[in-house]
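Working notes for the structure below.
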Amino acid sequence: MAGFRIGRGRDNNRTPQQPPRQQPYGQQQAPQAPAPYGQQPYAPQQWPQQAAPGGHGEPEYFDPHGGHGGQAGQGQGYGYDYGRPPAQGPGGPADSPGYTQAFAIGEDPYPYNQGATYQAGAAQAAGPTGPRLPWKDLLRGIVTRPGPTFLQMRDYPVWGPALIVTFLYGMLAVFGLDDARKDVINATLSKAVPIVLSAGVAFVICGLILGAVTHTLARQLGGDGSWQPTVGLSMLVMSLTDVPRLLFAIFLGGDNMLVQILGWATWVAAGALFVSLVSKSHDLPWPKALGASAIQLIALLSIIKLGTI
């Protein structure tokens, strides 16, 4: 009787009403507009369904990476048209429209858009190539292996060896000049000592000024080296390259033919070392390095090699 009261006995010939089958997420059909009178309603085209490998009869979906995303209802492949892979952007599936990509906190999502301007030495030479050399290895390296030595010491000041070597060289250089040697030899000890010491100080000041000029010109030509290593190393190059000529000039005099030949040869060697120094310290090509050291080379030729100033 209870069943008859709720209408269970009415219209027994009608088939029970089936609940509507739910479409998978992302595949809901749009509501259809009522067809005009006398025309069949429009039936949307259905993609062919493939049975899943598990045999459950559900369609397969494709994940963004081109593989199978699993069956419907397993939380994979939602929003993709089964039967065809999704379109991918130039940066991969995560770069396609409608997709998102996760990034860590502080990570730049577009590293290729960073506007980095080129600076000489900024990318090529990223710091020292080795530890700081002791003074013995430094002096030996300038003569035997100048390129690696200048590159290794491009960020280390060398004031101690530079000042001491230049000061000692300046005191001996007095005896390499004919007129200065005669004045020192003919003077008394109380007068000769101040002359020799003042010559050493003068060569130190001259080396500092010429090294600063070379560094300034290198920076004007696009270099990025530090001024302390450049000035200190230039003083060492100026002093060490003139030692062979100075040793013969002390005993043979500055006008001797052998001394003149050694003077020109050591001046060319000094030019090659200056070019290597500026090129390694400031990351410049050799034409610009030669231009930066041109004033110092001309001054050395006039003051020391020829003795005209």
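The values are calculated or read from the model by the stated rules, or taken from the named source; none is laboratory data. Bear in mind that the values here come from a model prediction, so they are computed numbers and not experimental data. Glycine also receives a Cβ, built like all others from the backbone with ideal geometry; neighbour counts cover every protein chain displayed. Remember, those area values only see protein heavy atoms, side chains included, never the ligands or the DNA or RNA. Shrake-Rupley method; radii C 1.70, N 1.55, O 1.52, S 1.80 Å.
On inspection, L197 does not qualify as open to solvent by 30 Å² or more (accessible area, probe 1.4 Å), modelled with pLDDT under 90, hydrophobic (A, V, I, L, M, F, W, C) and more than 35 Å from the chain's Cα centre (by Cα).
Scan the stretch 193-212 and tell me whether some residue there is over 19 Å from T149 (Cβ atoms) and of a type in the set (S, T, Y). Walk me through it before giving the result.
Step one: of the stretch 193-212, the residues over 19 Å from T149 (Cβ atoms) are 193-206, 208-210, 212.
Next, only the ones that are of a type in the set (S, T, Y) stay: 198.
Yes, the stretch 193-212 contains a residue that is over 19 Å from T149 (Cβ atoms) and of a type in the set (S, T, Y).
Would you confirm whether or not the stretch 153-166 contains a residue that is crowded, with 17+ Cβ neighbours inside 10 Å, at pLDDT 80 or above, of a type in the set (A, V, I, L, M, F, W, C) and not in a helix (DSSP H, G or I)? Yes - at least one qualifying residue is present in the stretch 153-166. Screening L189 on (1) loosely packed, with under 14 Cβ neighbours inside 10 Å; (2) hydrophobic (A, V, I, L, M, F, W, C); (3) in contact with a helix residue (DSSP H, G or I) (Cβ under 9 Å, 6 or more places away or on another chain) shows it passes everything except condition (3).
Within the stretch 124-153, residues that are on the phi > 0 side of the Ramachandran plot have Cβ atoms under 6 Å from residues that are modelled with pLDDT of 90 or more and open to solvent by 60 Å² or more (accessible area, probe 1.4 Å) in no pair, counting only partners at least 6 apart in sequence or on another chain. A270 fulfils the conditions (1) assigned to a helix (DSSP H, G or I); (2) open to solvent by 40 Å² or more (accessible area, probe 1.4 Å); (3) over 15 Å from G170 (Cα atoms); (4) not β-branched (V, I, T) except for a single criterion, (2).
For the stretch 200-236, the set of residues classified as under 31 Å from the mean Cα position of the chain (by Cα), among the small types (G, A, S) and assigned to a helix (DSSP H, G or I) consists of G211, A212, A218, G232, S234, listed by residue number.
How many residues, within the stretch 211-236, are on the phi < 0 side of the Ramachandran plot and open to solvent by 20 Å² or more (accessible area, probe 1.4 Å)?
If we filter the stretch 211-236 for residues that are on the phi < 0 side of the Ramachandran plot, which is where we start, we get 211-221, 223-236.
Cutting the leftovers down to open to solvent by 20 Å² or more (accessible area, probe 1.4 Å) gives us 212-213, 215-217, 219-221, 224, 226-228.
Looking only at that region, the number is 12.
All but one of (1) within 20 Å of T166 (Cβ to Cβ); (2) of a type outside the set (G, A, S); (3) surrounded by 17 or more Cβ atoms within 10 Å (Cβ to Cβ) hold for D283; state the number of the condition that does not hold. Unmet condition: (1). Being assigned to a loop (DSSP other than H, G, I, E, B) and in contact (Cβ under 8 Å) with a residue 12 or more places away in the chain holds for only one residue in L300, L284, and it is L284.
Being assigned to a helix (DSSP H, G or I), of a type in the set (S, T, Y) and surrounded by fewer than 18 Cβ atoms within 10 Å (Cβ to Cβ) is a property that S239 lacks.
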